[in-house]
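Q: Here's a structure for you.
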Amino acid sequence: MNFEQLQRKVLDWADAKDLLHEENRFKQWGKTLEEVHEVYMAMLDNNREEVMDGIGDTLVTLIILADQNGMDAVNCLEKAYDVIKNRKGKTVNGEFVKDE
């Protein structure tokens with residue numbers, strides 16, 4: 001399955017759970033932060049399966065959040081990629097530092 005197909009399945013699931021309302025977006029943002037924290041904790045525990053689960057859960061929350069804000073997650077990713085694709089810089093201590 002490709003990303004767009006999975007996105008559709010996530011949104012169908014979220015719609016069935018009555019989540020796709022703009023007024024839910026701040027609660028959804030809290031859910032995203034919770035999932036990101038779970039990824040961090042799993043990384044500290046060096047638990048690969050939990051890291052994978054947490055990243056997947058984070059993607060689910062972001063797909064729903066995009067929809068709640070009237071956006072498409074794939075379009076958001078495309079827009080971000082368009083910004084970074086030609087960015088110049090270097091990796092310093094494991095972190096990319098863009099040229100000014």
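Q: Going through region 7-30 one residue at a time, which ones are open to solvent by less than 80 Å² (accessible area, probe 1.4 Å) and in a helix (DSSP H, G or I)? Before you say what the answer is, go through the steps one by one.
A: Our first condition is that a residue be open to solvent by less than 80 Å² (accessible area, probe 1.4 Å); within region 7-30, this holds for 7, 10-11, 14, 19-21, 24-25, 28, 30.
Scanning region 7-30 gives Gln7, Val10, Leu11, Ala14, Asn24, Arg25, Gln28, Gly30.
Q: Looking at region 34-58, which of its residues are closer than 17 Å to Ala73 by Cβ and open to solvent by 80 Å² or more (accessible area, probe 1.4 Å)? So that I can check it myself, show each step before the final result.
A: Kept after step one, since they are closer than 17 Å to Ala73 by Cβ, are these residues of region 34-58: 35-36, 55-58.
Ile55 - this is the single residue of region 34-58 that is closer than 17 Å to Ala73 by Cβ and open to solvent by 80 Å² or more (accessible area, probe 1.4 Å).
Q: If you go through region 45-54 one residue at a time, do you hit one that is of a type in the set (A, V, I, L, M) and over 19 Å from Phe3 (Cβ atoms)?
A: Start the filter on region 45-54 by keeping residues that are of a type in the set (A, V, I, L, M), which leaves 51-52.
Applying the additional criterion that residues be over 19 Å from Phe3 (Cβ atoms) yields 51.
Yes, region 45-54 has at least one match.
Q: A follow-up question, please. What are the pairs, 6+ residues apart or on separate chains, where a residue within region 17-45 that is at pLDDT 95 or above has its Cβ under 7 Å from a residue that is open to solvent by 90 Å² or more (accessible area, probe 1.4 Å) and not hydrophobic (A, V, I, L, M, F, W, C)?
A: Ala42/Glu50
Q: Continuing with the same structure: From the list Val60, Val83, which residue is at pLDDT below 95 and assigned to a helix (DSSP H, G or I)?
A: Working: Val60 fails: at pLDDT below 95.
The match here is Val83.
Q: Please identify the pairs in which a residue from region 76-100 that is under 26 Å from Phe3 (Cα atoms) has its Cβ atom under 7 Å from the Cβ atom of a residue that is open to solvent by less than 90 Å² (accessible area, probe 1.4 Å) and part of a strand (DSSP E or B), counting only partners at least 6 apart or on another chain.
A: Phe96/Gly89
Q: Further question: Just checking, how many residues over region 46-75 are in contact (Cβ under 8 Å) with a residue 12 or more places away in the chain and of a type in the set (Gly, Ala, Ser)?
A: The number of residues fulfilling the criteria is 3.
The values are calculated or read from the model by the stated rules, or taken from the named source; none is laboratory data. All of these numbers come straight from a predicted model, not from anything done at the bench. Cβ atoms come from the backbone with ideal geometry, glycine included; neighbour counts cover every protein chain shown. For accessibility, only protein heavy atoms count, side chains too; no ligands or nucleic acids. Shrake-Rupley method; radii C 1.70, N 1.55, O 1.52, S 1.80 Å.
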